[in-house]
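I have placed the structure first, in the form of structure tokens, so that the comments after it can refer back to it.
The values are calculated or read from the model by the stated rules, or taken from the named source; none is laboratory data. It should be emphasised that the depicted structure is a prediction, and the values quoted were computed from it without experimental measurement. Reconstructed Cβ throughout: ideal geometry from the backbone, glycine too, with neighbour counts over all protein chains shown.
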Amino acid sequence: MKVNELPTPFYIIYENRIERNLRLIDDVSRRAGVKIIMAFKANAVWKTFPIVARHCKSFTASSLNELRLGLEYLGHDAHSYCPAYTDQTIGQYLEGSTHLTFNSLNQWDRFSDRLADYNRRHPDSRVSPGLRVNPKCSVIETDLYNPAMPGSRFGVGAEELTRLPDGIEGLHFHALCESTSYDLEKVLAAFEQGFGHLLGSLKWVNMGGGHLMTREGYDCDHLVSLLSDFRKRHPNIEVILEPGSAFMWRTGDLITSVVDVVENDGIQTAIVDVSFACHMPDTLEMPYKPAITESVQPDDRHHAYRLGGNSCLSGDFMGDWYFPAPLKIGDRLTLEDMNHYTTVKTTMFNGISHPAIVLASSEDADDCRVLRSFDYEDYKNRMC
């Protein structure tokens with residue numbers, strides 16, 4: 001089916017854009033001599049995993065569902081981290097993971113014997129244990145996405161870690177969010193200052209996610225130099241990065257239609273058949289204003305509109321955008337870059353129509369494939 005024949009709303013993902021990102025990630029990995037793995041927190045559309053698997057079969061999981069999905073559809077190099085394991089979950093994490101990071105010394109003390117016993121009984125599939133640390137270097141302005149904010153529940157501070165606990169083989173820090181290599185440079189300096197005395201005993205360091213190396217203008221050469229220098233200082237350590245957004249950055253859009261236009265107090269709002277709150281929540285949480293392909297730069301000659309989501313939530317709107325002609329019912333709009341951290345966070349609040357998920361080989365493809373469409377049964381089955 002051709003894209004313009006599909007009923008809205010739908011997310012559309014482009015295979016050629018994923019390949020473009022994967023080639024860049026491959027290049028950074030090769031030049032820096034580091035392992036770069038995919039984080040499902042940014043993309044769990046598993047029908048795209050065969051594309052990813054051509055370049056990367058390693059992944060990070062933050063839940064048992066993510067772990068199971070990765071083992072079924074991507075590979076078996078599974079780096080797991082959860083803020084808190086329980087007696088009911090630790091066994092499944094051990095059985096499925098190659099690397100397992102603990103968030104606190106309490107968690108390590110509670111489950112280290114279980115891990116050691118598992119490794120004794122399964123020497124051919126042993127799990128490498130790590131500890132999450134907090135460099136306490138904050139480079140993120142939005143607290144909702146800032147793991148290093150004061151009072152953070154994530155990781156162990158340097159003041160708690162004068163020595164490496166017996167059995168720990170790696171350290172993990174995550175303090176970035178869609179950040180630059182220069183942000184990483186600041187965090188890495190804080191990490192080495194606080195935890196440098198422990199690095200000689202480690203097998204690996206996981207530098208977490210947030211490395212947005214596929215964004216236009218990102219200095220990949222600086223990233224490669226930064227990582228290469230770290231490896232020279234610590235040749236005993238395998239370096240791991242686990243970006244989420246970088247894999248799927250600008251690989252897909254959300255196609256919506258105008259279903260009404262209303263005016264109040266001189267403000268025109270085009271109501272669309274999607275919802276900011278339900279279908280692109282990061283735009284309200286981050287917050288940020290997505291680009292719309294059909295919009296133009298503000299000008300007195302152009303027509304200003306808010307976009308209103310089709311839910312009953314009062315704050316489900318955003319604006320303003322400008323268009324060369326008045327919007328009318330049936331006009332299609334393309335909200336750009338709506339694949340990473342979008343499909344994974346959607347809700348069915350109000351029971352409003354959930355966008356289908358579509359895959360196209362490229363922007364110029366004559367046809368596309370609907371990977372999944374949603375109906376009443378999907379909404380009903382989430383309830384009881």
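If the condition is being in contact (Cβ under 8 Å) with a residue 24 or more places away in the chain and surrounded by 14 or more Cβ atoms within 10 Å (Cβ to Cβ), then region 73-90 contributes Tyr73, Leu74, Asp77, His79, Tyr81, Tyr85, Thr89, Ile90.
Taking the numbered list (1) in a helix (DSSP H, G or I); (2) at pLDDT 95 or above; (3) out of contact with any strand residue (DSSP E or B) (no Cβ under 8 Å at 6 or more places or on another chain); (4) surrounded by fewer than 20 Cβ atoms within 10 Å (Cβ to Cβ) in turn, Leu144 passes all entries but (2).
Considering only residues in region 349-371 that are closer than 10 Å to Glu15 by Cβ and either of a type in the set (A, V, I, L, M) or assigned by TED's automatic domain parsing to the domain that holds Val45 (or both), the one that is modelled with the lowest pLDDT turns out to be Ala365.
For Phe40, the test of being free of Cβ contacts under 8 Å to residues at least 40 places away in the same chain, surrounded by 15 or more Cβ atoms within 10 Å (Cβ to Cβ) and not assigned by TED's automatic domain parsing to the domain that holds Val258 is failed. Within region 191-218, if we keep just the residues that are assigned to a loop (DSSP other than H, G, I, E, B) and over 20 Å from the mean Cα position of the chain (by Cα), the residue that is nearest to Arg20 (Cα to Cα) turns out to be Lys203.
Considering the conditions (1) closer than 19 Å to Leu202 by Cα; (2) touching a Phe, Trp or Tyr at 6+ places or on another chain (Cβ under 8 Å); (3) in contact (Cβ under 8 Å) with a residue 40 or more places away in the chain, Cys137 is excluded by exactly one of them, (1).
The requirement of being within 16 Å of Asn103 (Cα to Cα) and buried (at least 20 other Cβ atoms within 10 Å of the Cβ) is not satisfied by Ala158. What about Arg215, is it of a type in the set (Lys, Arg), within 30 Å of Gln92 (Cβ to Cβ) and at pLDDT 95 or above? Answer is no for this residue.
Give region 352-364 a look and list any residue that's over 14 Å from Thr251 (Cβ atoms) and either part of a loop (DSSP other than H, G, I, E, B) or not small (Gly, Ala, Ser) (or both), or say none. Those that are over 14 Å from Thr251 (Cβ atoms) and either part of a loop (DSSP other than H, G, I, E, B) or not small (Gly, Ala, Ser) (or both): Ile352, Ser353, His354, Pro355, Asp364. Taking region 248-351 as the region of interest, the strands (runs of 3 or more DSSP E) fully inside it that hold 1 or more residues being in contact with a Lys or Arg (Cβ under 8 Å, 6 or more places away or on another chain) and among the small types (Gly, Ala, Ser) are 252-264, 267-272, 317-323.
Count of region 316-351 residues, restricted to those that are more than 23 Å from His303 (Cα to Cα), more than 21 Å from the chain's Cα centre (by Cα) and surrounded by 15 or more Cβ atoms within 10 Å (Cβ to Cβ), is 2. Yes or no: region 183-190 includes at least one residue that is buried (at least 19 other Cβ atoms within 10 Å of the Cβ), of a type in the set (Val, Ile, Thr), under 21 Å from the mean Cα position of the chain (by Cα) and assigned by TED's automatic domain parsing to the domain that holds His211. Yes, the conditions are met somewhere in region 183-190. For first residues located in region 50-67 and buried (at least 17 other Cβ atoms within 10 Å of the Cβ), partners that are polar (S, T, N, Q) and in a loop (DSSP other than H, G, I, E, B) and lie 6+ apart or on another chain with Cβ distances below 9 Å form the pairs Val52/Asn43; Ser58/Thr98; Ala61/Ser97; Leu67/Ser97.
In region 62-97, the qualifying residues are those that are in a loop (DSSP other than H, G, I, E, B) and within 19 Å of the chain's Cα centre (by Cα), and the one that is nearest to Ala42 (Cα to Cα) is Ser62. Of the residues making up region 310-326, not one is touching a His at 6+ places or on another chain (Cβ under 8 Å) and under 21 Å from Cys278 (Cβ atoms). Checking each residue in region 287-328 for being closer than 18 Å to Asp265 by Cβ, small (Gly, Ala, Ser) and in contact with a helix residue (DSSP H, G or I) (Cβ under 8 Å, 6 or more places away or on another chain) picks out only Gly315.
Listed by first and then second residue, the pairs linking a residue in region 142-153 that is in the same structural domain as Asn103 (by TED's automatic domain parsing) and of a type in the set (Phe, Trp, Tyr) to a residue that is in a loop (DSSP other than H, G, I, E, B) and surrounded by fewer than 16 Cβ atoms within 10 Å (Cβ to Cβ), with Cβ atoms under 9 Å apart and 6 or more places separating them unless they lie on different chains, are Tyr145/Met286.
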